[in-house]
Amino acid sequence: MYATRARQARPEAFTARPSIAERLGLPYMDGALMLSAVALAAFSVFVLSQTTVHDVPGSPNYFADRQAIYVGLGVVGMYLLTRVDYSRFRELRVGIYTFLCVSISLVFVFGFVARGSRRAFDLPFFSFQPSELGKLLLALALAGFVIDGARRGFDRRRTLRYLAFGLVPAALVFLQPDLGTSLVFGAITLAVMYVGGARWTHLAAIGAAAVALATVVLVVAPAVGTPVLKGYQEERLTSFLHPGEDSSDADYQQNQAKIAIGSGQKTGRGDRATQTRLDFVPERHTDFIFAVIGERYGFGGAALVLSLYALLIWRALRIVTLSKNSYGTLVAGGIAAMLLFQVFVNVGMNLGIMPITGIPLPLMSYGGSSVLATFLAIGVLQSIHMQARLSQKGRFAW
Amino acid sequence: MYLRSDERGPRMNNRLALRIAAFGGLALVLFAVLFVRLWFLQVISGEEYLAEANNNRIREFRVSAPRGEILDRDGNVLVQNRTSLALQVNPRKLPANTARRRAELARLGALTHTSLRRVRRTMRKRLMLAPSAPVTLRRDVGHYLVYYLQENQDRFPGVEVRRVFVRDYPQGTLAAHLFGNVGEVSEEQLKAPRHRGLEPGDAVGQDGVEYQYDGDLRGRAGATRIQVDSLGRPTPGGRLKVLKPAPGGNLRLTIDSSLQEAGDAALSGQGLPGAYVAMNARNGEILAMGSNPSFDPTVFTRPLTQGQVDELYRDPVLSPLTNRAIAGAYPTGSSFKPITSVAALASGAATVDEPILDDGAFTLGGITFQNAGGAAYGTIAMQTALRVSSDVFYYTLGDRMYPGTALQTWARRLGIGSETGIDLPGEQPGLLPTPAWRNDLYREGLTDRPWSAGDNVNLAVGQGDLQTDPLQMAVAYATIANGGKVPRPHVGMQVEDAAGRVLREIAPAAAGRVRIDRGWRETILAGLHDAAQSPGGTSYGVFGGFPVPVAGKTGTAERPPHADQSWYVVLAPYPNPEIVVAVTFEQGGFGSDTAAPAALRILSEHFGKSAKPVEAGEGAVE
């Protein structure tokens, strides 16, 4: 495999007196990545300010104000992480992994129950959901473990071991229960292994096993009377396969979201939107915020948002290729997969082609943990980008 | 771009580049899927989804129009409306989830003090009749319940309280058979052209004049369109459009309430099943019409109890819902003789003053027919034959008209044996026996003999297979009395708006004309007058002391296995009658015993004069 250079790359001393921008590190950051992330977050605040006016009586900007604060914190966090050499995280992989598992486990003890699920701690100012930050932590730790064994190749034992590393936190999250986030954990795990060079045959075997598991969970287990999923979870996962039967709440939600988006047509309904204004679409500030965009701003607005995500993910993938070391490549791969998976599943669920799994739309859905964690992940991407640029300084003109 | 490995330095090898490229390719495909799907939803199917969104947010509340009132000819209210709050369940808006639907219905049952089983049974029954129509669980719910439901709307999706109009009958059972009931339009009825524009749950007339004049009475429902949120709550300022309901027109009947009251009393006073008709002999306006046993029309404004169903539907003999005045099927006995007279005179079988010997018995093919009571009247002409109701005289006429169908032809022309065309549903044609009818039955083996002279002889005195009703007899008598105009009886007079302006006159043209010579008419009416008001007449004992000159005929028909059917048909005032009254009682015995006194009560009311008692004397009993 390829060698790691975690400690090798150090920026050369500047000869000329650096400008303020240079001191801030701005020339070494990925501007397009930054722009798309901040634009999406800003749009999120705007949409929330438009659509949640009547949600909390007495404070029309309840959600928008809070989201703005989370975005501000996120941007600061992103910038701070940009200046940190991500390679340090490889050294801290065991600690990170331990923190990840412990923090998720603590939710079972100290977490509060919201909608039948125990996912978050109640902190003084906001509730913190460890599994959101956990997505980034998993990418950082798992990439470290994979790099450790990279020289020894990917035999079956290693594949299983990395898989286990990913599945332990995924299982913990699943038990909260938070099916959506555990699937994101799975996607990150697979992506890191994939970029890290896991054998195609192993990947295929894992894919087959996943399909078999899904079949057992969704079809066989309920049939023999030992359901693994909660009723609502199963309903959500399967209802999109037979739309229009209108038999369940899940189908209702999805149908309403579809109607909302469709009714937006090309230019959107603006303030005359009814689906997302009159409560027909549930969770319109979180999981179904894309339906709000689709209805209010039409194909124009929704396509713009999708394009920003495409830009974001393209830049993330580009950073995968730019990284100065393999650790960066794997981390960036994991983060890119995390973003792609969440965007596709969430938007797909809004559009009625993916099941309802409760995965937030990164940077758009209301929620401090998710916004903050996504910005931090982008900060790590920026750090990889910056380290790469610094290590190649003078060789390329960007 | 990813493959420019020369720029990536040693870290990028080909295998990694391939993997990243595949990753990028996957991302590209996924985004393409999202874009295509977005395009499909918003640009290609946008219109449909917009329509669905509007369908979601706009609730149309139908505001039922008040149904027109039904008045008598003087404007007295016979049928009016009262508003009632009805608790309805809209099955389309109930929760789709079975358990939650059950729970909601159970809550609803608890509120209305009904068991869940009963609620579900009601729903099932109603939904079988009209799938997806709102089911009315309860009428006349109290205001407290309405407030409770409004405050807890989110717990009762699909439950609505609707202000409905319920029929109210200030005169009780008066003329109950005429009105018919009003009920929710059925799925089957909705397909009929006469119910175009209606929706499930709307009320339409199901019988009687409510059915006949439904289009005039119904009015047009209005609608309010309101924007609602997902819980069905109206949103502030969300009233979109209001279409005011147009109330139905009032229907003025030809019925005279006081006459109707007298008639109903006379009818029920006998305690026998029977019917009567009082009709304007010139234009066919029904002044009163009744049938006994009767019923309380208000029972149909609420769901029927089992006991009521049994009482109204299960008794084939009493059958209180049947209007015997238009659907009875009785032989008439001697009341038929004026009709036979017309047929005989018109066909030349007899002349008005031709004497015929009545020796008390008439023999035909070895069978002897006798006068009632074995009387013999000697040689008599038609006027006397009518006065004393000589059977032998009419047997002879019946025999003279055999073979041939003169008797049937003229009876039919006068309205016997076919529907009169009255503006009430449920009229029955009855049966006028003809040679063809009996011979057909005989050919099919349904009877033991073909048509014979005996049948014609029997029909001549209103016996045998004849089946008719008071309305047909009234029409026949009126036609003779008015000189040949066959009136089309009707109960509707005009449709008015609320201010009394006439919207539509109901004056159907005569059903036909027949030629009746003045001489025939005078002879027949004179005979009938004698029968009623000259000593020796069959009903002299009843009408002898009545100050208004009348012309009336009794009838006592054998109707095995029942006791005799009692008839009386009377025209007044003689000699230019304006009103005809026909009364019949099942098992009433002699016409002069039950039917004639009832007819007298009706005429007394009509003319405002009562009869002085007379000594019946030597009156024949037909």
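Quick note: the coordinates plus some simple rules give every number you see, no bench work behind them. Source: prediction; values computed, not measured. Note: ideal-geometry Cβ built from the backbone for every residue, glycine included; neighbour counts use all protein chains shown.
Counting Cβ atoms of other protein chains within 10 Å of each Cβ in A:252-261 and taking the mean gives 4. Averaging sequence separations of C-alpha pairs under 8 Å and six or more residues apart, then dividing by the length of chain A, give the relative contact order as a whole percent. It rounds to 28 percent for chain A.
For the stretch B:236-279, the convex hull spanned by the alpha carbon atoms encloses 171 Å³ per residue.
The stretch B:213-260 and the stretch B:159-190 have Cα centres lying 14 Å from one another.
The largest-to-smallest principal axis extents of the Cα set in the stretch B:386-463 are 40, 39, 17 Å.
Ordering of B:464-472, B:205-213 by packing is B:464-472, B:205-213, highest average first (other Cβ atoms within 10 Å, averaged per residue). Can you compute log10 of I(q)/I(0) for the stretch A:240-388 with the Debye formula, treating each Cα as one identical point scatterer, at q = 0.16 Å⁻¹? Relative scattering, expressed as log10 I(q)/I(0), comes to -0.84.
Distances between placed amide hydrogens fall under 5 Å for B:L137 paired with B:L87, B:Q88, B:V89, all partners being 5 or more residues away or on another chain. Based on the Stokes-Einstein relation at 4 °C and a viscosity of 1.567 mPa s, and on the Kirkwood radius from alpha carbon pairs, the stretch B:546-613 is assigned a translational diffusion coefficient of 107 µm²/s.
Within chain B, antiparallel bridges make up roughly 95 percent of the DSSP beta bridges whose residues both belong there. Checking every one of the trypsin sites (Lys or Arg not before Pro) in the stretch B:251-314 against DSSP loop status and a limit of 12 other Cβ atoms within 10 Å picks out B:R314. With an 8 Å Cα cut-off and a minimum separation of 6 or more residues, compute the relative contact order for chain B in percent. So the answer I get is 13 percent. In whole Å, what is the distance between the alpha-carbon centres of the stretch B:529-554 and the stretch A:188-204? First find each Cα centre; the distance between them is then 117 Å. Per-residue shielding of A:329-339, expressed as the average number of other chain Cβ atoms within 10 Å of the residue Cβ, stands at 2. Averaging 1/r across all pairs of distinct Cα atoms in chain B and inverting the result yields a Kirkwood radius of 28.8 Å. Here the 3J(HN,Hα) profile of the stretch B:103-114, calculated from phi with Karplus coefficients 6.51, -1.76 and 1.60 at θ = phi - 60°, is 4, 5, 5, 5, 4, 5, x, 4, 5, 9, 6, 10 Hz, Gly and Pro shown as x.
Please identify which residues in the stretch A:61-91 have an amide N closer than 19 Å to a label point set 7 Å out from the Cα of A:R151, following the Cα→Cβ vector. Under 19 Å, as judged by backbone N against the label point of A:R151, lie A:90-91 of the stretch A:61-91. Would you mind checking which residues have amide H under 5 Å from B:M493's amide H? H placed 1.01 Å from N; only 5 or more apart, or other chain. Excluding prolines and chain starts, which carry no amide H, the hits are B:R252, B:L253, B:T254. Packing order of peptides A:137-145, A:72-80, highest average first: A:137-145, A:72-80 (average count of other Cβ atoms within 10 Å over each peptide's residues). Considering only beta bridges that DSSP places wholly inside the protein assembly as shown, some 95 percent are antiparallel.
A dipole drawn for the protein assembly as shown from +1 and -1 charges on Cβ atoms has a positive end, and of A:A21, B:L432, B:Y49 the residue lying farthest that way is A:A21. Whole-Hz Karplus values for the stretch A:39-53 come out as 4, 4, 5, 5, 4, 4, 4, 4, 4, 4, 5, 7, 10, 10, 4 Hz, taken residue by residue from phi with 6.51 cos²θ - 1.76 cosθ + 1.60 and θ = phi - 60°; glycine and proline positions read x. Annotation: for a label point projected 7 angstrom from Cα along Cα→Cβ of B:V36, no residues of the stretch A:304-319 have a backbone N closer than 14 Å.
For the stretch B:59-249, the alpha-carbon coordinates run over 54, 40, 35 Å along the three principal axes, in decreasing order. In order along the stretch A:294-311, the phi-based Karplus estimate (6.51 cos²θ - 1.76 cosθ + 1.60, θ = phi - 60°) of 3J(HN,Hα) comes to x, 6, 6, 10, x, 4, x, x, 5, 5, 4, 4, 4, 5, 4, 5, 4, 4 Hz; Gly and Pro are listed as x. Residues within the reach of a label modelled at B:V309 (point 7 angstrom out along Cα to beta-carbon, backbone nitrogen below 17 Å), restricted to the stretch B:170-197, are B:184. Rounded to the nearest 0.05, the FRET efficiency derived from the C-beta distance between B:R513 and B:E578 at R0 = 22 Å is 0.70. Which FRET efficiency value, to the nearest 0.05, is calculated for B:V242 and A:K266 with the Förster distance at 25 angstrom and r the Cβ-Cβ distance? For B:V242 and A:K266, the calculated efficiency is 0.15. A Förster distance of 41 Å, applied to the separation of the beta-carbon atoms of B:L18 and B:E48, puts the FRET efficiency at 0.40. Averaged over the residues of B:197-209, the number of partner chain Cβ atoms lying within 10 Å of the residue Cβ comes to 0.
In the protein assembly as shown, one over the average inverse separation of all distinct C-alpha pairs is 36.4 Å, which is the Kirkwood hydrodynamic radius.
Pairs spanning more than 28 Å between alpha-carbon atoms, out of A:K230/B:K93; B:K93/B:K191; A:K258/B:K244; A:K258/B:K191: A:K258/B:K244; A:K258/B:K191. Please grab the % of Cα pairs in chain A that end up more than 26 Å from each other. Tail of P(r) above 26 Å: 55 percent of Cα pairs.
The order of the peptides A:314-323, A:327-336, B:53-62, B:493-502 by mean Cβ neighbours within 10 Å, most packed first, is A:327-336, A:314-323, B:53-62, B:493-502.
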